[in-house]
Amino acid sequence: MAAEGGHRLTHLDERGRARMVDVGDRPVSRREATAEGMVRISAEAAEAVATGQLTKGDVLAVARLAGIMAAKRTPELIPLCHPVALRHVDVEAELDRDAPAIRLRAQARCEDATGVEMEALTAVAVAALTVIDMLKSVDPWARVDGVQLVAKSGGRSGAVTRPEDGDAG
């Protein structure tokens with residue numbers, strides 16, 4: 001089945017039903033992906049994060065841990081996503097008082113026959129949701145913004161980086 005622009009939809013069979021792609025014939029290679037996003041927060045929430053005045057604890061540390069845990073569980077959360085042997089996951093969470101926002105960045109790495117884009121994106125998304133959960137008593141209107149793939153390498157497409165106009169913030 002083809003999509004607009006003539007690209008074949010790899011996750012659909014000839015009858016349009018969802019299916020898992022067979023990656024058995026693909027070569028194993030080192031693959032890496034980086035994703036980013038942010039949680040836009042109120043100035044009051046930023047102050048609470050900066051001064052450690054939250055009853056639930058260290059938002060940035062918990063968000064980093066949640067992101068790492070989520071990356072490891074990606075195939076359980078995203079339908080048709082292959083399990084990969086993650087070699088490394090790093091999640092950064094940083095308070096930007098000027099925005100105000102919590103900026104998130106995740107990097108995932110493996111040696112496998114398929115990529116780790118979904119692991120990096122899942123890490124950022126779950127870290128962002130964790131920030132919202134931890135800040136909801138101070139800022140019930142915090143919002144996730146700009147979750148996107150920044151770069152990936154390995155596999156058929158080689159190294160690819162998002163164009164500058166696709167920045168998250």
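For this structure, a couple of remarks:
- Peptides 86-96, 152-162, 112-122, ordered by how many other C-beta atoms sit within 10 Å of their residues on average, highest first, read 112-122, 86-96, 152-162.
- Paramagnetic label reach from Arg87 (point 7 Å along Cα→Cβ; backbone nitrogen cut-off under 18 Å): within the range 116-136, residues 116-120.
- Anchor Lys56: lysines whose Cα lies under 21 Å away (excluding residues fewer than 8 positions away in-chain): Lys136
- Scoring 98-104, 138-144 by mean Cβ neighbours within 10 Å over their residues and listing the highest first yields 98-104, 138-144.
- Using only side-chain charges placed at the Cβ, +1 for Lys and Arg and -1 for Asp and Glu, the dipole size of the range 29-166 relative to its Cα centre rounds to 420 debye.
- Computed lengthening from Thr161 to Trp141, 0.36 nm per intervening residue step minus Cα-Cα distance: 4.0 nm
- Along the axis of the charge dipole computed for the range 30-118 (Cβ charges of +1 for Lys and Arg, -1 for Asp and Glu, origin at the Cα centre), the listed residues Val59, Val84, Ala43 are led at the positive end by Val84.
- Extension gain for Glu111 to Arg26 (0.36 nm times residue separation, less C-alpha to C-alpha distance): 29.4 nm.
- The range 60-92 and the range 101-128 have Cα centres spaced 6 Å apart.
Every read-out reported here was derived from the displayed coordinates using simple, explicitly stated rules and does not represent laboratory data. None of these values were measured; they are calculated from a predicted model. All Cβ positions, glycine included, derive from the backbone under ideal geometry; neighbour counts span all protein chains shown.
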